[in-house]
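What follows is a single structure, written as C-alpha cells, with notes after it.
Quick note: the coordinates plus some simple rules give every number you see, no bench work behind them. In this text, all values refer to a predicted model and were calculated from it rather than measured experimentally. Virtual Cβ from ideal backbone geometry, glycine too; neighbours counted across all protein chains shown.
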Amino acid sequence: MKDRTREAVMNLLGGTLENRLAFDLFGGSGVLAFESISRGAEHAWVWEILKPGARVIRRISEDLGIADQVDVLDQDVIRWSESLADGLESRGGKFAELGANTVPWVVICCPPYAMWESHKAELTQLVHAWAKAAPLGSLFAVELEQSTELGVLPAFLEWQVRRYAPAQVAIAEVLEKAPGA
C-alpha cells in the first residue's frame, strides 16, 4: 500500500483505534499493524507467510519498543481463517487474554493485487469469515485492485469506497451481526 493511501485509510478508519484489536491479514512490512498500535490499538496480529518477512516485522517491532503488543504469525492467513467461526478466544493465548471475541477489531486486508484474480474465491471467503466473526463496532479496510469488482465484499456491511489509483479501498463498520452469525 502506498504511503498516501495508508494515511488516507487510517484517517478513514477514524484516526484513533483506541480500545480495539488490530489484525493485519497480509503483513508485508507490518507497517499497518505498527500504525494501528501508534493510533491506540491495544494489540496487533500480523500474518506474513514468508518467514524472512515475518522475522523483519518482529525485529522492527522490537526496535520500535512494541514487541509486546505485536504478534507475528508466519502462516497462511487464508488457511488459518478457515476455522474462524469457532471464535478467536478458542485459540487461547493473547486472543483469549484480551477478549478477542468481544473487543472491537480493526481488520486490514491488503493482499497482493494479483491474488484478487488468482485466489478470488478464497479471498472472498476470507473477508466474509472475518466480517461474520467480528464483534459489533469492528472496522474493516480492504484494499483491492481498481478493476476488482466490489461483489467480493460482504453485502451485509455498508462499504465506503475510495479510489487511489491503482487501488480502491473499501471501509466498513460492523453495526449489526451478519445474518446467520
What is the order of T148, T16, T124, fewest Cβ neighbours within 10 Å to most?
T16, T124, T148
Sorted from fewest to most neighbouring beta carbons within 10 Å, what does the list V161, V106, V169 look like?
V161, V169, V106
Show the residues, 5+ positions off or on another chain, whose built amide H is closer than 5 Å to the amide H of V72.
V46
Rank these for me by crowding, S29, S38, going from fewest to most other beta carbons within 10 Å.
S38, S29
Relative to the Cα centre, what is the charge dipole magnitude of region 33-134, using +1 at the beta carbon of each Lys and Arg, -1 at the beta carbon of each Asp and Glu, and rounding to the nearest 20 debye?
120 debye
Given Cβ charges of +1 for Lys and Arg and -1 for Asp and Glu, the option among A165, L84, G180 whose Cα lies farthest towards the positive end of the dipole of the chain is A165
Identified option (computed percent of Cα pairs over 27 Å apart; candidates (1) 18; (2) 35; (3) 22)
(1)
Cα centre as origin, Lys/Arg/Asp/Glu Cβ charges: region 24-77 dipole, Debye
160 debye
